[in-house]
Amino acid sequence: MTIHHSRDDQNVVTLTLDTAGKPVNILNESLVIELEQAVAQLKEEQSLSGVIIASAKKSFLAGADVDWLVQMTDPQAVFDTAQRIKASLRALETLGKPVVAAINGAALGGGLEVALACHHRIALDDARVQLGSVEVTLGLMPGAGAIPRLTRMLGLQGSFPYLMEGKQVGPQEARAAGMVDELAGDPDEMMARARAWIAANPGAMQPWDRRDYRMPGGDPGHPRMMPALVIAPAMLRQKTYGNYPAPEAIMNAAVEGAQVDFEIACRIESRYFAQIVTGKVAKNMLSALWFQLNSIKAGTSRPAGIEPQRTRKLGVLGAGMMGHGIAYVSALAGMDVVLKDVTLEKAQQGLARIRELLAEGVARGRVSPANQAEVLTRILPTESAQDLQGCDLIIEAVFEDRELKAAVTRGAEAQISPDAVFGTNTSTLPITGLARASCRPENFVGVHFFSPVHRMRLVELIRGERTSDGALAKAFDYVLQIGKTPIVVRDSRGFYTSRVFGTYLNEGAALLAEGQHPRAIESAGRQAGMPVGPLALMDEINLGLVRQIREQTRRDLALVGREMPRDATDQMIDLMAEELGRPGKAQGAGFYEYPASGKFLWPGLEQQFPAGARQLSQAEMILRFMAVQALETVRCLEEGVLTSVADANIGSIFGWGFAPFKGGTLQYINDFGLPTFVASCRDLAERYGARFEPPARLVSMAEKGEVF
């Protein structure tokens, strides 16, 4: 039983949602059936005064059951299901009696849709209460009436941030926007307010059911709306490159639905919903961003049999860009942090940057002033290694230099307890080599953050040859403690993320060296689903740093008798960074020019890299960008650098922004079809080189009909 029915002495019926066997209420087939039955029972109630929809869980209604959605493959069946849900909610709001939603916690996706079908919404004034139409973040769209209701409640422009961007808001902002009507201090007050409103509004009805209703801001034909709606599709396409069908479907359903009556608007939403739910993009995104992400957070990559460990005092070595970011997110999570640099002045500079981040958080309403002050008291800037005493975890975040890292490792280990874990933040240097400077390599682990630390969701944990299960588990738990997502990889040059991400940059360099137009290269990168074109990314990273990493790699390989030959990428880096003095954005000159506002491709590129005789299509460049990354991921899996498909896909999406609509690097191959992908890669290998040759594991899987 999911919906419990009770009636008080004022003839108010409370329908309490309580999904059996689940920590939260979810919208599934069982709830659909029970909702139909509950509404039918309400119609038969004698002397009914009104209805309150409440929850027995800590949240109101978390949304639709994703397992249920993934199984939906027939568009007509999906349409029929959506219409069934809408019929129950429509019957509820046209019952002729006041209906109030008592929102005690999260009302997201389908939960918000149920609340919107009520005449009045009262929410607890509690930070745990979140409201939003979040379906679009998983490649989906609303299907139970959020589009026709929100557009009629907030207007087209007012509803678009919630519907098309998945914006979530707390109770105060929801009330200011008009999604919530009242706030209550506690559950008893909320229920009392609900009963009082029912008593005061016996003839309640939805605004859009009144004869004098007018859409806020005007309908699509209004002179104020027409200009914005004319350019809106082009602006959306510029942002999504057509890779994400859900936002386009939402916009279409909203605009089309605003021109017809409510019932037809609901049918329009259901038609688009059926297309989106059964489409490839939704399946790809749900696979990665729901199932695989939840699997990672549940600890599938964490060493088993080790009790959870909390980090209480963290030492951060280096207060620069990465170090102060690590200190910030850790203190924000409640840890005491020692922020050490070579001088107190540099450590205090790091603390000053943390103050700026906190001030920004306060300005955006994400950090309270009280929490701002509390976080700052947890951070100790210092130049003394002795202040590291008592730290149970150290994270070194100094410059990417082996000798420097060795020196700070030895200095810190002299102060910390034997069972403390030492983490090194490096993007390329092998952990086993760095651990040679440690007196306890079993407690040494790679902890690779991404920049900027406070925004990037991923942390790549690297197990060295002697890293113990306990050290890895400690690092894994720390990453969860700061609210980020850990993936676990084995030690190798570049690990997983830097190694595969580098192939995207190298392919951009190769295309430029071949004589492809730089603007076409950048456009193809973005069209492929990458957040930034490869040339712009090389400017951001800085060619000087790229050059230093490549030279360090050469020195490391030489120690084991291997040679790294100089290639076209090296020649390009030397030309841009050394001969032309254009190493990147930080110096104001790279592949792009950086005037006071904006940026544009350096016109001299066309002289330095003349156009080739054959200009490739966007489709072929996109294929090269995507295939080279996917193939390198398979090699990482084949070599044991990666140990799970989930780590590969989530690592690619969260680590360097690999096309979320494809579900990650390995899901990209699944989506493509393994036999077809192998054939395409062999064709690319014949034309462009061995980097496109499909690995043996991929060929074997394609022959056996397997998928990742």
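The values are calculated or read from the model by the stated rules, or taken from the named source; none is laboratory data. Everything numeric in this text was worked out from a predicted model, so none of it was measured. With ideal geometry, Cβ positions are generated from the backbone for all residues, glycine too; neighbour counts draw on all protein chains shown.
Quick rundown of the values:
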item: Answer residue from region 459-510, given it is assigned to a loop (DSSP other than H, G, I, E, B) and over 24 Å from the mean Cα position of the chain (by Cα) and is modelled with the lowest pLDDT among those; result: ARG493
item: Search result, residues across region 665-688 that are farther than 16 Å from VAL628 by Cβ and basic (Lys, Arg); result: none
item: From GLU632, GLU606, residue being in a helix (DSSP H, G or I), assigned by TED's automatic domain parsing to the domain that holds GLY508 and of a type in the set (Asp, Glu); result: GLU606
item: Residues that are crowded, with 21+ Cβ neighbours inside 10 Å and either within 27 Å of ILE653 (Cβ to Cβ) or touching a strand residue (DSSP E or B) at 6+ places or on another chain (Cβ under 7 Å) (or both), drawn from region 252-278; result: ALA253, TYR272, PHE273, ALA274, ILE276, VAL277
item: ARG687 being in contact (Cβ under 8 Å) with a residue 60 or more places away in the chain and among the basic types (Lys, Arg); result: no
item: Count of region 152-194 residues which are assigned to a helix (DSSP H, G or I) and surrounded by fewer than 20 Cβ atoms within 10 Å (Cβ to Cβ); result: 15
item: Condition met for PRO369 (loosely packed, with under 15 Cβ neighbours inside 10 Å, under 28 Å from the mean Cα position of the chain (by Cα) and under 24 Å from ALA475 (Cα atoms)); result: no
item: Number of the exception - ALA435 against (1) more than 23 Å from ILE549 (Cα to Cα); (2) in a helix (DSSP H, G or I); (3) in contact with a Gly (Cβ under 7 Å, 6 or more places away or on another chain); result: (1)
item: In region 259-300, residue farthest from MET226 (Cα to Cα) [restricted to those that are in contact with an Asp or Glu (Cβ under 8 Å, 6 or more places away or on another chain) and part of a helix (DSSP H, G or I)]; result: ILE296
item: Search result, residues across region 207-258 that are outside any helix (DSSP H, G or I) and of a type in the set (S, T, N, Q); result: ASN243
item: Pairs, first under 19 Å from PHE450 (Cβ atoms) in region 419-431, second acidic (Asp, Glu) and part of a helix (DSSP H, G or I), C-beta under 9 Å, six or more apart; result: LEU429/ASP556; PRO430/ASP556
item: Residues (touching a helix residue (DSSP H, G or I) at 6+ places or on another chain (Cβ under 8 Å) and either at pLDDT below 95 or outside any loop (DSSP other than H, G, I, E, B) (or both)) located in region 372-388; result: GLN372, VAL375, LEU376, ILE379, LEU380, PRO381, THR382, ALA385, LEU388
item: Residues that are touching a residue at least 24 places away in the same chain (Cβ under 8 Å) and either crowded, with 18+ Cβ neighbours inside 10 Å or of a type in the set (Val, Ile, Thr) (or both), drawn from region 548-581; result: ILE549, THR553, THR569, MET572, ILE573, MET576, ALA577
item: Among residues of region 101-151, those that are over 29 Å from ASP188 (Cβ atoms), more than 26 Å from the chain's Cα centre (by Cα) and of a type in the set (A, V, I, L, M), counted; result: 0
item: Leading residue by the ranking (nearest to THR467 (Cα to Cα)) among those in region 416-432 that are among the small types (Gly, Ala, Ser) and not in a strand (DSSP E or B); result: ALA420
item: Matching option when the condition is over 19 Å from GLY657 (Cα atoms) and touching a residue at least 40 places away in the same chain (Cβ under 8 Å), among GLY584, GLY588; result: GLY584
item: Candidates ALA20, ALA40, ALA82 - the one that is crowded, with 21+ Cβ neighbours inside 10 Å and hydrophobic (A, V, I, L, M, F, W, C); result: ALA82
item: Pair list, Cβ under 8 Å, 6 or more apart: region 175-187 residue touching a residue at least 24 places away in the same chain (Cβ under 8 Å), other residue part of a loop (DSSP other than H, G, I, E, B) and buried (at least 17 other Cβ atoms within 10 Å of the Cβ); result: ARG175/ASP181; LEU183/ASP125; ALA184/ASP125; GLY185/ASP125; PRO187/ASN104
item: Qualifying residue in region 4-11 (condition: part of a loop (DSSP other than H, G, I, E, B), at pLDDT below 95 and within 21 Å of SER133 (Cβ to Cβ)); result: no
item: Test: residue in region 318-327 that is at pLDDT below 95, of a type in the set (A, V, I, L, M, F, W, C) and more than 30 Å from PRO148 (Cα to Cα); result: yes
item: THR94 being at pLDDT 95 or above, closer than 16 Å to ILE33 by Cα and of a type in the set (S, T, N, Q); result: no
item: Single condition PHE60 does not satisfy, out of (1) surrounded by fewer than 23 Cβ atoms within 10 Å (Cβ to Cβ); (2) at pLDDT 95 or above; result: (1)
item: Unmet requirement for CYS391, which otherwise passes all of (1) hydrophobic (A, V, I, L, M, F, W, C); (2) closer than 23 Å to GLY651 by Cα; (3) at pLDDT 95 or above; result: (2)
item: Residue satisfying condition, being buried (at least 16 other Cβ atoms within 10 Å of the Cβ), touching a helix residue (DSSP H, G or I) at 6+ places or on another chain (Cβ under 9 Å), modelled with pLDDT of 95 or more and in a loop (DSSP other than H, G, I, E, B), within set PHE654, PHE658; result: PHE658
item: Region 376-395, residues that are over 25 Å from the mean Cα position of the chain (by Cα) and β-branched (Val, Ile, Thr); result: THR377, ILE379, THR382, ILE394
item: Matching entry among THR343, THR300 (being over 27 Å from the mean Cα position of the chain (by Cα) and among the β-branched types (Val, Ile, Thr)); result: THR343
item: Qualifying position, being over 30 Å from THR467 (Cβ atoms) and touching a strand residue (DSSP E or B) at 6+ places or on another chain (Cβ under 8 Å), among LEU393, LEU380, LEU344; result: LEU344
item: Elements of type helices (runs of 4 or more DSSP H) in region 35-151, at least 1 residues being within 22 Å of GLU182 (Cβ to Cβ); result: 75-93, 110-116
item: Residue match in region 198-206 (condition: in a helix (DSSP H, G or I), closer than 30 Å to PHE658 by Cα and assigned by TED's automatic domain parsing to the domain that holds LEU15); result: no
item: Scope region 279-319; condition surrounded by fewer than 18 Cβ atoms within 10 Å (Cβ to Cβ) and among the β-branched types (Val, Ile, Thr); matching residues; result: THR300, ILE306
